[in-house]
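Here's the structure, in structure tokens; my notes come after.
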Amino acid sequence: MLEAIREIRFGDSTTLVGICYGNVYVDGEGGQLGDRGSVDGHKILSVKRDGELCSIETEGFIQRKAGETVDIEIDLGRRRDISVQHTAQHLLSAVFERELGARTVGFQMGEEYSTIDLTISILTNEMQELVEKTSNSLIGENRSVRIEIMPGEIAGKLDLRKAISEKVVESGKDIRIVTIEGIDKSACGGFHVQSTGELRVLKIIKREKVKGDLTRIFFVAGQRALLDYCRKHDLIVRASSILSCGYLDLPDRVDSLVEEVKEAKATVRKLTERVAQNVARELSLTNGETLFIEDSEEIISLIPKYIEKEKYLFVGRFGDRVLLSSKGVDCGAIVTYLKNKLEVKGGAGKERGQFIFSGENSLLKESILEVTANLQKAGEKRENKDSTQ
């Protein structure tokens, strides 16, 4: 379709084309997705309302100016999907209210799934299954979906799922009413299908608690629901093959594996403690106060609590991380020195410290021995000075 440009602006690599509001659907308006497609062959990135204009953001630069026309091609497949998801929301909201007395107070359509927020604090699996089965039964009945435009004063007297505000009724504007035969009647300006059968199937994919006593339902319908089923079916088949069991046995098989992993972790923890104790014992028997070792993070982190020396500096390395632990040596002074000499990143207190170092072990050892020697000399000078006073 051809549209006159009312305003045009340029971004770093995009163009904002302003046209009359109403011909292209805006992102988020009425809770649904906005249109996509192209403007003069440039992909539409977003559609926003800008006062009385509809502002379309596109990729690249459109060489036009205000007063000229652009050719807008709308993605009709996307509109079709939007209409399916939006009608599914009306149906699902109506069934939740009819079966469970749960009103819809929020709706948001996403690119992968849609959500509704319901005034219900507890929703069991059985309750959810009831709503889902009822909704799909009504889809199978292929109920008609009718759209009517009527004056606000007439629409205001209808038995709608959500009442129209007095302000809207008194505005004198016409109201668009969407009716699902025998199920729902709501004021709505969004896209909708012509019958429930076009929804094909509706699936609630998850639920979660939100602020207050609300429950958020995540759902898909139509082609989205079929794609969701295909993806999950493929995952189940793959998992069944890997675990050598039927898909009905997957929950028990997974539970069994989780228990095995827990037991394995407990065993590894015990073995790690034992290795750390043995290494610490060997380090405690060595001469010298500076103890270097490179091992796994788990072992390095456990060794210090088993070292039995009156004075020591433990330097444990795993990958690019270095752990310091000490008795009688200032780790903070060591890290400060290494920051200046090797530009390491980290921090330390008096007895603990850690930092990142990607260089050679030989350079690290040389630098730490150098700073510990300097610290020892400084300590001896202080002791001699104190003894002479």
For this session: Could you grab me the full set of residues in the stretch 292-324 that are buried (at least 19 other Cβ atoms within 10 Å of the Cβ) and touching a Lys or Arg at 6+ places or on another chain (Cβ under 6 Å)?
Result: 312
Problem set entry | Pairs, first within 23 Å of residue 109 (Cα to Cα) in the stretch 67-81, second surrounded by fewer than 13 Cβ atoms within 10 Å (Cβ to Cβ), C-beta under 7 Å, six or more apart | none
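How many of the residues making up the stretch 263-285 are hydroxyl-bearing (Ser, Thr, Tyr) and either open to solvent by less than 60 Å² (accessible area, probe 1.4 Å) or under 10 Å from residue 303 (Cα atoms) (or both)?
Step one: of the stretch 263-285, the residues hydroxyl-bearing (Ser, Thr, Tyr) are 267, 272, 284.
Now narrow it down to the ones that are either open to solvent by less than 60 Å² (accessible area, probe 1.4 Å) or under 10 Å from residue 303 (Cα atoms) (or both): 272, 284.
Of the residues in that region, 2 qualify.
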Exercise. If we keep just the residues of the stretch 1-20 that are open to solvent by less than 10 Å² (accessible area, probe 1.4 Å) and in a strand (DSSP E or B), which is farthest from residue 89 (Cα to Cα)?
Worked result: 15
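So that you can scan it fast, the table gives a plain yes or no per residue for (1) more than 29 Å from the chain's Cα centre (by Cα); (2) farther than 23 Å from residue 196 by Cβ; (3) modelled with pLDDT under 95:
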| position | (1), (2), (3) |
| --- | --- |
| 131 | no, no, no |
| 135 | no, no, no |
| 144 | yes, no, no |
| 151 | yes, yes, yes |
| 158 | yes, no, yes |
| 162 | yes, no, yes |
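Among 377, 345, 327, which is within 39 Å of the chain's Cα centre (by Cα), without any contact (Cβ under 8 Å) to a residue 40 or more places away in the chain and open to solvent by 70 Å² or more (accessible area, probe 1.4 Å)? If you could, list the steps in order and put the result at the bottom.
Details: 377 fails: within 39 Å of the chain's Cα centre (by Cα); 327 fails: within 39 Å of the chain's Cα centre (by Cα).
Exactly one of 377, 345, 327 is within 39 Å of the chain's Cα centre (by Cα), without any contact (Cβ under 8 Å) to a residue 40 or more places away in the chain and open to solvent by 70 Å² or more (accessible area, probe 1.4 Å), namely 345.
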Exercise. Of the conditions (1) modelled with pLDDT under 95; (2) open to solvent by 70 Å² or more (accessible area, probe 1.4 Å), residue 103 fails just one. Which one is it?
Worked result: (1)
Problem set entry | In the stretch 19-36, residue farthest from residue 192 (Cα to Cα) [restricted to those that are without any contact (Cβ under 8 Å) to a residue 40 or more places away in the chain and in contact with a strand residue (DSSP E or B) (Cβ under 6 Å, 6 or more places away or on another chain)] | 21
Exercise. Do the conditions hold for residue 289, that is, is it open to solvent by 30 Å² or more (accessible area, probe 1.4 Å), over 31 Å from the mean Cα position of the chain (by Cα) and under 27 Å from residue 120 (Cβ atoms)?
Worked result: no
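A quick yes/no check of all residues on (1) in contact with a strand residue (DSSP E or B) (Cβ under 8 Å, 6 or more places away or on another chain); (2) assigned to a helix (DSSP H, G or I); (3) not small (Gly, Ala, Ser):
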{"residue": "175", "(1), (2), (3)": "yes, no, yes"}
{"residue": "197", "(1), (2), (3)": "no, yes, no"}
{"residue": "204", "(1), (2), (3)": "yes, no, yes"}
{"residue": "211", "(1), (2), (3)": "no, no, yes"}
{"residue": "217", "(1), (2), (3)": "yes, no, yes"}
{"residue": "230", "(1), (2), (3)": "no, yes, yes"}
{"residue": "234", "(1), (2), (3)": "no, yes, yes"}
{"residue": "237", "(1), (2), (3)": "no, yes, yes"}
{"residue": "241", "(1), (2), (3)": "no, yes, no"}
Seminar exercise, completed: The number of residues in the stretch 21-62 that are of a type in the set (Ser, Thr, Tyr) and either open to solvent by less than 50 Å² (accessible area, probe 1.4 Å) or at pLDDT 95 or above (or both) is 4
Seminar exercise, completed: The lone condition residue 242 fails out of (1) surrounded by 15 or more Cβ atoms within 10 Å (Cβ to Cβ); (2) β-branched (Val, Ile, Thr); (3) more than 30 Å from residue 134 (Cβ to Cβ) is (1)
Problem set entry | Some residue of the stretch 190-200 being open to solvent by less than 20 Å² (accessible area, probe 1.4 Å), within 24 Å of residue 35 (Cα to Cα) and modelled with pLDDT under 95 | yes
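How about the stretch 348-358: which of its residues are within 14 Å of residue 322 (Cβ to Cβ), in a loop (DSSP other than H, G, I, E, B) and either modelled with pLDDT under 90 or open to solvent by 30 Å² or more (accessible area, probe 1.4 Å) (or both)? I'd like the intermediate steps shown before the answer.
Keep residues of the stretch 348-358 that are within 14 Å of residue 322 (Cβ to Cβ), which gives 348, 352-358.
Among the residues that remain, those that are also in a loop (DSSP other than H, G, I, E, B) are: 357-358.
Within the stretch 348-358, just 358 meets the criteria.
Farther than 26 Å from residue 277 by Cβ, in contact (Cβ under 8 Å) with a residue 60 or more places away in the chain and in a helix (DSSP H, G or I): does that describe residue 369? Please lay out each step first, then the result.
Details: farther than 26 Å from residue 277 by Cβ: yes; in contact (Cβ under 8 Å) with a residue 60 or more places away in the chain: yes; in a helix (DSSP H, G or I): yes.
Yes, satisfied.
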Seminar exercise, completed: Residues in the stretch 135-157 that are over 17 Å from residue 205 (Cβ atoms), β-branched (Val, Ile, Thr) and buried (at least 18 other Cβ atoms within 10 Å of the Cβ) total 1
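The values are calculated or read from the model by the stated rules, or taken from the named source; none is laboratory data. Note that the structure is a prediction, hence the values are computed from the model and not measured. Counting neighbours? That spans all protein chains shown, and the Cβs are built from the backbone with ideal geometry, glycine included. The accessibility values were calculated without ligands, DNA or RNA, using every heavy atom of the protein model including side chains. Shrake-Rupley method; radii C 1.70, N 1.55, O 1.52, S 1.80 Å.
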